[in-house]
Amino acid sequence: MALTPSDVKKIARLARLAVAGEDIPAYARNLSNIMGLVEQMNAVDTREVTPMAHPLELPARLRPDQISETNQRELFQSIAPKVEAGLYLVPKVIE
Amino acid sequence: MHTKTIAELSRALKQREFSSEELTRACLRRIEKHNPALNCYISVTGERALAQARAADASLAKNEGGALTGVPIAQKDIFCTKGVKTSCGSRMLDNFIAPYDATTVERFDAAGAVMLGKTNMDEFAMGSSNETSFYGAVKNPWDTAAVPGGSSGGSAAAVAARLAPAATGTDTGGSIRQPAALCNLTGLKPTYGRVSRYGMIAFASSLDQGGPMARTAEDCALLMQVMAGFDVRDSTSVDKPVPDYTATLNDSIKGLKIGLPREYFGAGLDGKVAQAIDAAVKEYEKLGAVVKEISLPNTSLAVPVYYVIAPAECSSNLSRFDGVRYGYRCKDPQDLLDLYERSRGEGFGAEVKRRIMVGAYVLSAGYYDAYYLKAQKLRRLISDDFKRALEQVDVIMGPTAPTVAFNLGEKTDDPVTMYLSDIYTIAVNLAGLPAISLPAGFVGQRPLGLQIIGNYFDEPRLLNVAHQYQKVTDWHTRTPKGFE
Amino acid sequence: MEWETVIGLEIHAQLATRSKIFSGAPTAYGAPPNTQACAIDLGMPGVLPVLNEEAVRMAVKFGLAIGAKIAPRSVFARKNYFYPDLPKGYQISQYELPVVAQGRIEIELEDGGVKTIGITRAHLEEDAGKSLHEDFHGMTGIDLNRAGTPLLEIVSEPDMRSAREAVAYMKKIHSLVRYLEICDGNMQEGSFRCDANVSVRPRGQHEFGTRAELKNINSFRFVEKAIAYEVQRQIELIEGGGSVVQETRLYDADKDETRSMRSKEEAHDYRYFPDPDLLPLEIDAGIIETVRKTLPELPDEKKQRFIKDYALTPYEAGVLTSSRELAAYYEDVVRGAGGEPKLCANWVLGELLGALNKNNLDINASPVSPAQLAGMLRRIGDNTLSGKIAKQVFDAMWHGEGDADAVIAARGLKQVTDSGAIEKVIVEVIKKFPEQLAQYRGGQEKLFTFFVGQVMKASQGKANPAQVNALLKEKLR
């Protein structure tokens, strides 16, 4: 499956990755090669196979409804790029 | 001091042949001397280490503490360490001082071990050569023109060069076993769910597993004793008693049934590596093991399946790195989209971006069934191959990697060639099985590894089988030139 | 052309757990920003989710209450999209296999009829944080306290045909989740929110029209107004030769209009896949039976019982059972008053609800307790109070003057039933109005009420009205 430069741009947008224009052909080539590798999966008929989502075939373990966390805002925000009045700041969100 | 294994250091510390502080200072001096050439540490935490060493000495003076009290180790820089930079090999987290400890870090601290520093790694554990690190490539101490393997390449190089007696690694597709093989170490990838993933920065959640990297199987057993165990903070951690991993090391392996998958010895395997593996298997026969040829028919699908599942999970796991709450943020974002795209575009390296894009692509509308669902079905077939094989044999043996270490820069242009170097390790992660790699010879001056795959939670047997080999061979005792 | 409206609702009910759905951080509303967001809620590197068992029990409880199927195995999936109030870049939700499926609920229509609304599914998911758009130097502030609060998303079938029906359904679900004590239902605080899928089609047409999704409507009134606006917009659009675009629209309450939310439209590819950090949720028959035992009497059952046992009208029973607390209040009053359920209903529905509404108070905050109201009703029953004086007593109790008996004693409101005393008052009144007496005796019988009024006034309202009537008739003759 060959990916075109325009496919790469679309995926990069979906994944929120800025990719320089001059790098796009290389990404297109590499991603096409990877998808070529992936296409080998088609050699096997899997109609009757149950998908395996996880190596552990166990059910979820639940936790009791207890409060175990304390306020650590100061610590957490000491590593934040931009905060004010306890809020994380981002460029204006337009709805 | 630096030539000793953990088991030896533990005995020496208990007998006060030297103090933990002396030992730690010696390790730090070696790091200072050799790290610039090898680049195996991202952070060296000297002060923290010495404080831990002094605390350990205080315990030892009171005849307290366990096997690892006062023993220095290195942590892969994927494990969050409170108050210490935890970069995951990425520019994205170059400024990230972790606000909490990973369970693995907590457990080693509680066991009295001394953390020397955080080791270099492929960015977000994505790579097989340690060349994708933001902090530059790591060099293989056995041959500095060669890669140390990846993604736990810093841990492997550090232990091989005796810059740490042991280290932690993580293994998503071979990231403990392959660098262990390429650096002449013993590395154990535990059963999925045996070691907590809490605080271990996720690459592919259904595949990631932390484990020990050391010189001997005995050392791996001592480290596993600390790392293994149930953790309420990890929903995928299995609540199952932890066996005494050292108790069974010396059990006889007479009658052990070894399966050799014919698919692991076909085209693509370097002839000299094949010879060395054959020789190792012969050694096992001498020890009374019985060898049987088996088949894992879906082996060739493991790499394609892995390159759907791992990127899919990684694309989602790495979405949290958005420049909002921590980590890299681009300069002067114009708007929200710009903040996201440039923070992530500039913060991640090329291989990480490739995998995120592959993952976003295979999960995107219209492709899910053809790629992700298909891969999940094949994952079942691959897993079933192992189930059938392990009904006939006790362990499966083969090479860890198809070749010895390749040269730095040799495979960086073509990701697919790089991916294929993990052909023998990847299937084990898809199935969630435990596997160990141990030193089994050299091609020229570059080491190679024997991989032993066991049944779920059968780590004691893997360690026992590896230890028995190490009692009759000396590959694991060899030291790279210049680091004796 | 005649148009038919088709509406389906997605209701988000915050579950009333103490801690979050995947972390041990508190869920309480109103804390200073980001003080209730732990490492897991913040999506720190390496953290992992662990599911809260209480959230699961609450979802099962809801499923049982709507007669739904409880999935023996359900799966958490990641819904991937970038938004600053979504710390991980994905929301943990349920996609292909929800915990609750195929339920139903009955709503009452304005004509008194009943309609069944299908509930396609209800699934567990985590809430997002909040974006605060007040100006921080042209930036938006993010508060993640709400991130990770458990939500039950309740998705209806497109069974509603008018804004009124949609509101009736929403009210019914609101009442139910409060009955079940799984959600506090506080709409101002966003504990109970609603998205509406709205489309129109020519009456008689089988296929659905293209729908618009109206986001985040946070009051019953706005649901009705938003849908009404949207329906009109779509009809005008189609009649003007245009066509409806499938999109997300935001209701602007200030302008009473809906507008397109382009920011949400841009990349609608959520790339759902099973969350590898969470194993499938398995719910066995044992858990279901345990939860079933905790189910309270549900609103519809209670209403029927009220009609039957207390001889109330369907309307009265409907209002009294609209909330579990109000129903409990009413039944406490009936018990305390020792019967007279109709009288009790009149007082609860009339005086009490009137006063609560006027003061914008919830039944739980009523200054008059059920015991106090019952005590007062007993004094009506034993003729100590007339209905009229009782209103004064109620008012006094409302203002904290104590129990009915205390108020009666303090204000001397005891009804006068001593006929001698009443007679004395009557004689005085008659003496005072000789002119009116002559007119009455001359045939102007409607002056009788004048005399009753004067007697009541002279007795400060305390004379027993029946006795006044009887004695007055005698004396005026």
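The values are calculated or read from the model by the stated rules, or taken from the named source; none is laboratory data. Note that this is a predicted model, so its numbers are computed, not measured. Cβ sites come from the backbone with ideal geometry, for glycine too, and all protein chains shown count toward neighbours. The accessibility values were calculated without ligands, DNA or RNA, using every heavy atom of the protein model including side chains. Shrake-Rupley method; radii C 1.70, N 1.55, O 1.52, S 1.80 Å.
Determine which member of the set B:Ile436, B:Ile356, B:Ile396 is assigned to a helix (DSSP H, G or I), modelled with pLDDT of 95 or more and either more than 13 Å from chain A (Cβ to nearest Cβ) or surrounded by 24 or more Cβ atoms within 10 Å (Cβ to Cβ) (or both).
B:Ile356
If you scan region B:23-45, which residues turn out to be surrounded by fewer than 19 Cβ atoms within 10 Å (Cβ to Cβ) and over 24 Å from B:Ser151 (Cα atoms)?
B:Arg25, B:Ala26, B:Arg29
Taking region B:359-378 as the search range and keeping residues that are open to solvent by less than 10 Å² (accessible area, probe 1.4 Å) and more than 7 Å from every other protein chain (Cβ to nearest Cβ), which one is nearest to B:Ser205 (Cα to Cα)?
Step by step, filter region B:359-378, then rank; the result is B:Gly359.
At least 1 residues that are surrounded by fewer than 24 Cβ atoms within 10 Å (Cβ to Cβ), in contact with a Gly (Cβ under 8 Å, 6 or more places away or on another chain) and among the basic types (Lys, Arg) in each: list the helices (runs of 4 or more DSSP H) lying fully within region B:94-184 that qualify.
B:103-110
Would you check if there is a residue in region C:408-424 being buried (at least 18 other Cβ atoms within 10 Å of the Cβ) and over 15 Å from C:Met456 (Cα atoms)?
yes
Of all the residues that make up region C:1-50, how many are more than 7 Å from chain A (Cβ to nearest Cβ), of a type in the set (D, E, K, R) and surrounded by fewer than 24 Cβ atoms within 10 Å (Cβ to Cβ)?
Matching residues across region C:1-50 total 3.
Sort through B:Tyr192, B:Tyr245, B:Tyr198 and tell me the only one that's over 30 Å from B:Ala274 (Cβ atoms) and within 14 Å of chain C (Cβ to nearest Cβ).
Checking each option against the conditions leaves just B:Tyr198.
Looking at C:Leu214, C:Leu250 in this structure, which one is under 22 Å from C:His123 (Cα atoms) and surrounded by 17 or more Cβ atoms within 10 Å (Cβ to Cβ)?
The conditions single out C:Leu214.
Please enumerate the residues belonging to region B:307-331 that are of a type in the set (Ser, Thr, Tyr) and open to solvent by less than 10 Å² (accessible area, probe 1.4 Å).
The answer is B:Tyr307, B:Ser315, B:Ser316, B:Ser319, B:Tyr326.
Of the numbered conditions (1) open to solvent by less than 20 Å² (accessible area, probe 1.4 Å); (2) within 30 Å of the chain's Cα centre (by Cα), C:Phe76 fails exactly one; give the number of that condition.
Status for C:Phe76: all satisfied but (2).
Can you name every residue in region C:315-358 that is open to solvent by less than 40 Å² (accessible area, probe 1.4 Å), over 18 Å from C:Trp398 (Cβ atoms) and among the small types (Gly, Ala, Ser)?
C:Ala317, C:Gly318, C:Ser323, C:Ala327, C:Gly339, C:Ala345
Residue by residue, here is whether (1) more than 14 Å from every other protein chain (Cβ to nearest Cβ); (2) within 26 Å of C:Met170 (Cα to Cα); (3) among the acidic types (Asp, Glu); (4) without any contact (Cβ under 8 Å) to a residue 60 or more places away in the chain holds:
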site	(1), (2), (3), (4)
C:Asn216	no, yes, no, yes
C:Val223	yes, yes, no, no
C:Arg233	yes, yes, no, yes
C:Glu239	yes, no, yes, no
C:Ser243	yes, no, no, yes
C:Glu257	yes, yes, yes, yes
C:Tyr270	no, no, no, no
C:Leu279	no, no, no, yes
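Mind listing just one residue for me: the one in region B:201-213 that is aliphatic (A, V, I, L, M) and within 9 Å of chain C (Cβ to nearest Cβ) and, of those, nearest to B:Lys240 (Cα to Cα)?
Applying the filter and picking the extreme gives B:Leu207.
Within region A:38-57, which residues are within 7 Å of chain B (Cβ to nearest Cβ), open to solvent by 30 Å² or more (accessible area, probe 1.4 Å) and either of a type in the set (D, E, K, R) or assigned to a loop (DSSP other than H, G, I, E, B) (or both)?
A:Val44, A:Thr50, A:Pro51, A:Ala53
Taking into account only those residues within region B:70-121 that are among the charged types (D, E, K, R) and farther than 21 Å from B:Arg30 by Cα, which is farthest from the other protein chains (Cβ to nearest Cβ)?
Ranking the qualifying residues of region B:70-121, first place goes to B:Asp109.
If you scan region C:153-184, which residues turn out to be buried (at least 19 other Cβ atoms within 10 Å of the Cβ), in a loop (DSSP other than H, G, I, E, B) and in contact with a strand residue (DSSP E or B) (Cβ under 9 Å, 6 or more places away or on another chain)?
Hits for region C:153-184 are C:Asp159, C:Ile182, C:Cys183.
Within region C:126-145, how many residues are more than 7 Å from chain A (Cβ to nearest Cβ), touching a strand residue (DSSP E or B) at 6+ places or on another chain (Cβ under 7 Å) and crowded, with 22+ Cβ neighbours inside 10 Å?
Total satisfying the criteria: 3.
Of the residues A:Ala2, A:Ala60, A:Ala28, A:Ala12, only one is outside any helix (DSSP H, G or I), open to solvent by less than 40 Å² (accessible area, probe 1.4 Å) and either in contact (Cβ under 8 Å) with a residue 12 or more places away in the chain or at the interface with chain B (Cβ under 10 Å from one of its Cβ atoms) (or both); which?
A:Ala60
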